[in-house]
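What follows is a single structure, written as structure tokens, with notes after it.
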Amino acid sequence: MISQASTPNSIRLDAFLAEVASALSYSGTHYGASFFLDKETLEVLSITEDMRYTYELVTEDEDALDETPDWMQDAIQPMFLMEKDPERFIPIDRIPSSDAFREMQAFVEEVDDLEVQHHLANSLRQPKPFRRFKDALLDYPEYRECWFEYRDAYEKELAKEWLIDHGILNPEDLGEDPEAY
């Protein structure tokens, strides 16, 4: 359990929340990455398809380890721990795209300029709304910056909820009402 008061200097709460938020909101398909939280070290681990493939080779053939580059050997080390002590690691599932879409809609509803609001709302009704929304924001740099701040705050709140739900954070330690979670 960590709190703002007891967080080690090496792990600042804001940075930790941002890292978990990034894993929760990861939308890339590059390298088939999946994320895990190490409950002992509070590290967010990214495991790619290449890492899984190498790990399988190495576990099936010990000689394959000698042929594996040092950097990949280092990268797959957490996978050995995961096999040995699976309870130590919590998978971090991505935020469903429907939730991310609702967050964009909520942002649009808060935009105070009706022309901008209409343009952004229209982008969400088009095919590929995520791409269209990003493109529409390029026309309004000040609202684009507001969107990034809004999204970051939303994702950090989701990360906080996720960490509380998994017993990593305690709402009382954050000065928040435990009933809110």
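Annotations
- Inverting the pair-averaged 1/r between distinct Cα atoms of segment 97-180 gives 14.3 Å as its Kirkwood hydrodynamic radius.
- The dipole here belongs to the chain: it is taken about the Cα centre, uses +1 on the Cβ of Lys and Arg and -1 on the Cβ of Asp and Glu, and is about 720 debye.
- Simple label model, 7 Å out from Cα along Cβ direction - Phe130 to Asp14, nm: 2.8 nm
- Most positive-pole-ward Cα, Val111, Thr48, Met82, against dipole of the chain from beta carbon charges: Val111
- The chain shape via C-alpha gyration tensor axes, a/c threshold 1.5: oblate
- Working note: 222 nm ellipticity from helices only, DSSP H runs with n ≥ 4, each -39,500 (n - 2.57), summed and divided by the residues of the chain, gives -18500 deg cm²/dmol to the nearest 500.
- Kirkwood radius for segment 28-92, taken over all pairs of different Cα atoms as the inverse mean of 1/r, rounds to 12.3 Å.
- Pairwise Lys count, the chain - Cα closer than 26 Å, eight or more residues apart or different chains: 6
- C-alpha long axis of helix 141-165 to longest principal axis of the chain, angle in °: 50 degrees
Quick note: the coordinates plus some simple rules give every number you see, no bench work behind them. Here the structure is a predicted model, which is why all the values come from computation and not from measurement. Note that each Cβ is placed from the backbone with ideal geometry, even for glycine, and that neighbours are counted across all protein chains shown.
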